[in-house]
Amino acid sequence: MRLITKNEMIKEAFLDELKREKIKFSVKERLGYEAFVGYMIEGTLEEIGNTINSIQSDEKEVIHQGFLGFKEQINHALEHLKDGEDINRLLQEGYWMGDVLDQLFRNDVIVVEENKAKLKEDIDIKKLRFQFRFPYQLAKDLESIEKIAKQFAFVDLLPEYEIEIKELEIEKINRALHIAAKYFEEDMVMGVYFALISRGIVANELLNAVASDKVPKDELLKAFLKAMPMEIPTEKGKMIINVTHAKALEEIFRMLEKEGRIDIKGGKIRRLR
């Protein structure tokens, strides 16, 4: 139920919006990494293209498509750099932009002034040398690939930010994940969304079970675990929520108690609001 990013600018923008909407969250920072393990072909763009065309195995076409994408990334970066562009703004376009900029820097074709990068004049792109890299999963015929490409591994150690939404109310969860959709990949957002919604539904069911009377906590936990999984009908289908461990319910109890919605004393639970 956590959103993870290594981009500090994305983290700050996302948290600013959550604060404006008064959505509770927590952030943990730890050492993370970006890693690429695969193969590399070096040379001018023409030389790299010719090398790929010499591949005799079945992976030739998919590697060639990757190379066409790499050339598009280079051309896209060059368009920005003709008149100059803020480096941080460029890096927001994606992790790939950092690699392209690094390769252009190593070709000594970029000048930087006050964090603004600009392409030097009269640069012939055809003479520049690049490293085209593709993941090892594409190399089905290792003997064929290793004749024309070198093994390559790149690891970038950098901070990683783990953001957890600390809300149980469905309305606030919906607002939080609507914001998240602007900053994170769809598959990550969808997974976190349904996890948070599930936690909110279980929290509401626990509150309904407690009502105003004191309920033995252990009995309530056992009853809920026995009743799992929960099947929730929706407009488009159904949603199944499962809880297999009491610790998961304990965590929801702690959140409800922290919000002042229940009181836990002497092994019994009482609903406050």
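Is segment 61-75 home to any residue that is of a type in the set (S, T, N, Q) and closer than 24 Å to Gln137 by Cα? So that I can check it myself, show each step before the final result.
Of the residues in segment 61-75, the ones of a type in the set (S, T, N, Q) are 65, 73, 75.
Narrowing the set further to residues that are closer than 24 Å to Gln137 by Cα leaves 65, 73.
Checked segment 61-75: at least one residue is of a type in the set (S, T, N, Q) and closer than 24 Å to Gln137 by Cα.
In the set (1) under 28 Å from the mean Cα position of the chain (by Cα); (2) open to solvent by 80 Å² or more (accessible area, probe 1.4 Å); (3) within 22 Å of Leu142 (Cβ to Cβ), Asn53 fails one condition alone, (1). In segment 9-25, the count of residues that are open to solvent by 30 Å² or more (accessible area, probe 1.4 Å), assigned to a strand (DSSP E or B), of a type outside the set (S, T, N, Q) and not assigned by the TED database to the domain that holds Arg133 is one or more. The numbered conditions (1) touching a helix residue (DSSP H, G or I) at 6+ places or on another chain (Cβ under 8 Å); (2) at pLDDT 95 or above; (3) in the same structural domain as Asp124 (by the TED database) are all true for Leu68 except (1). When segment 187-231 is limited to residues that are open to solvent by 40 Å² or more (accessible area, probe 1.4 Å) and among the hydrophobic types (A, V, I, L, M, F, W, C), the one that is nearest to Arg270 (Cα to Cα) turns out to be Ala211.
Answer with yes or no whether Val192 is aliphatic (A, V, I, L, M) and in a strand (DSSP E or B). Show your work before the answer.
Numbers: aliphatic (A, V, I, L, M): yes; in a strand (DSSP E or B): no.
In short, no.
The values are calculated or read from the model by the stated rules, or taken from the named source; none is laboratory data. Keep in mind that this is a model prediction, so the values were computed, not measured. Here Cβ is always computed from backbone atoms with ideal geometry, including for glycine, and neighbour counts include all displayed protein chains. Areas reflect the complete protein model, heavy atoms only, side chains present, ligands, DNA and RNA absent. Shrake-Rupley method; radii C 1.70, N 1.55, O 1.52, S 1.80 Å.
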